[in-house]
6 protein chains.
Amino acid sequence: MLTEFDTSLPSIKQVQKLIQENTQIELKLITGDVIAGKLLWQDLQCFCIMSEDNQKTTVWKQAIAFLKIGE
Amino acid sequence: MLTEFDTSLPSIKQVQKLIQENTQIELKLITGDVIAGKLLWQDLQCFCIMSEDNQKTTVWKQAIAFLKIGE
Amino acid sequence: MLTEFDTSLPSIKQVQKLIQENTQIELKLITGDVIAGKLLWQDLQCFCIMSEDNQKTTVWKQAIAFLKIGE
Amino acid sequence: MLTEFDTSLPSIKQVQKLIQENTQIELKLITGDVIAGKLLWQDLQCFCIMSEDNQKTTVWKQAIAFLKIGE
Amino acid sequence: MLTEFDTSLPSIKQVQKLIQENTQIELKLITGDVIAGKLLWQDLQCFCIMSEDNQKTTVWKQAIAFLKIGE
Amino acid sequence: MLTEFDTSLPSIKQVQKLIQENTQIELKLITGDVIAGKLLWQDLQCFCIMSEDNQKTTVWKQAIAFLKIGE
């Protein structure tokens, strides 16, 4: 569990790269929801995703199960 | 995970802006509940939302999956 | 997430007021359970509620999704 | 959330009293399971319960939704 | 919640004894899964269990609801 | 719960060994999802898995219930 936003962590850097390269991703949440789109930003608490219909969704990291590239 | 209420975080500032601008939002909770309305305040632990029927609901952040603008 | 019981927090003060004013509330839990009644006390870890049938229930805060006034 | 076992907390003292007085209780867990019996001990991490069929169950506090007296 | 592995805690010592005495146990997880077998080791984060078919399973403590002896 | 990535922990070392030896594993998540494949890396927050169809999945540790070898 992160208690500070450590930008040297591989998982933080991976997400930073996905943001910079505008990569299409898919987030599976513990609610069962799947949110697909491009990551806009991350901080210690949340991800922000732009979905294909130009809807911005702020996802709490506590609710994330996994992230997949593309599809 | 936040252990203090850091108002410089993008996700905290985004919510602060939604409060100030009286924006209609939708919160999806890990229970599957969706709560729609306008945010009244946030603190380290909770959000308070005024729903369309003038009911105030205090939501624990631990239960939030994601937040969407409007609809 | 709280790691100490900070009585200056809006969400802690709101609950303190609900206790003092003997307000009828409803707690929705992440199990899906809804517990209705009046709050007796809160601490860092739990709420204690007196339900309408005079049953005391101690609820762990970790299990709370949201709180509504009355009904 | 507790990070140390603070015996001055009302919710810790309540459980201590239930142990000493050998009170019949019911724990509802976030799995939906209900465990009924008498509390044997608590620590920072767990409760131990003796159920009516003399089975000892160690319950992780992280899984507790609420506790009710008797029935 | 434990943030360090405190071997003086009753719940940690109980598990240590179950490991040493090679006791048959049952773990119920918050997924609903039940894993039966003998505990091999514990650390701050996980339990390792050898099930009856000689399969080793590493269980994250965050997912444990309760532990029962034998059956 | 880990708040730093302690490489002397048995559970961290076990995963490190599974990465080095390119072992086929199976992760069961609290969503019910099962992800099978080979571990690529771990950090404090996540595991990265290469599944049999060459899809990389980043799994948040908070969502892991258990890990099994092979099958």
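Quick notes on this one:
- CD proxy at 222 nm, helix term only [per DSSP H run n ≥ 4: -39500 (n - 2.57); per residue of chain F; nearest 500]: -4500 deg cm²/dmol
- Rolling a 1.4 Å probe over the protein heavy atoms gives the protein assembly as shown an accessible area of 44 Å² per residue.
- Other protein chain Cβ atoms within 10 Å, averaged over every residue that makes up A:2-13: 5
- Carbon and sulfur %, accessible surface of chain D computed with the full protein complex present, 1.4 Å: 46 percent
- Between segment D:1-53 and segment C:41-71, the alpha-carbon center distance in angstrom: 16 Å
- Placed amide H near C:Leu9: partners under 5 Å, 5+ positions off or other chain: none
- Whole-Å semi-axes of segment F:22-69's equivalent ellipsoid (Cα gyration tensor): 15, 12, 10
- Residue-count net charge about D:Gln45 - beta-carbon cut-off 10 Å; Lys, Arg +1, Asp, Glu -1: 0
- Three-way shape call for the protein assembly as shown based on the alpha-carbon gyration tensor, with the a/c threshold at 1.5: oblate
- Segment F:Lys17-F:Gln55, extension gain: residue separation times 0.36 nm, minus the distance between their alpha carbons: 11.5 nm
- Estimated FRET transfer efficiency (D:Ser8, F:Glu4; beta-carbon r; R0 25 Å; 0.05): 0.30
- Proximity of backbone amide H atoms, modeled 1.01 Å from N, is registered between C:Trp41 and C:Cys48 at under 5 Å, excluding neighbours fewer than 5 places apart on the same chain.
- Buried area at the A-B interface (accessible, heavy atoms, 1.4 Å probe, summed, Å²): 1700 Å²
- Candidates D:Gln20, D:Gln45, D:Gln55: whichever shows maximal mean-square fluctuation once chain D is modelled as a Gaussian network with Cα springs under 10 Å: D:Gln55
- Angle between chain C longest axis and helix C:10-20 axis [Cα atoms, degrees, rounded to 10]: 40 degrees
- Partner chain coverage, peptide F:43-49 - average Cβ within 10 angstrom: 6
- Restricting segment D:1-38 to GluC sites (Glu not before Pro) that sit in a DSSP loop and have at most 14 other Cβ atoms within 10 Å of their own Cβ leaves D:Glu4, D:Glu21.
- Largest mean-square fluctuation among D:Thr31, D:Thr57, D:Thr23, in a Gaussian network model of chain D whose springs join Cα atoms under 10 Å apart, belongs to D:Thr31.
- Per-residue mean of C-beta atoms belonging to partner chains within 10 Å, peptide E:19-26: 0
The values are calculated or read from the model by the stated rules, or taken from the named source; none is laboratory data. Predicted model, so just to flag it, every value in this text is computed and none were measured. Positions of Cβ are backbone-derived with ideal geometry, glycine not excepted, and every protein chain shown enters the neighbour counts. Keep in mind that these areas ignore ligands, DNA and RNA; they rest on the heavy atoms of the full protein, side chains included. Shrake-Rupley method; radii C 1.70, N 1.55, O 1.52, S 1.80 Å.
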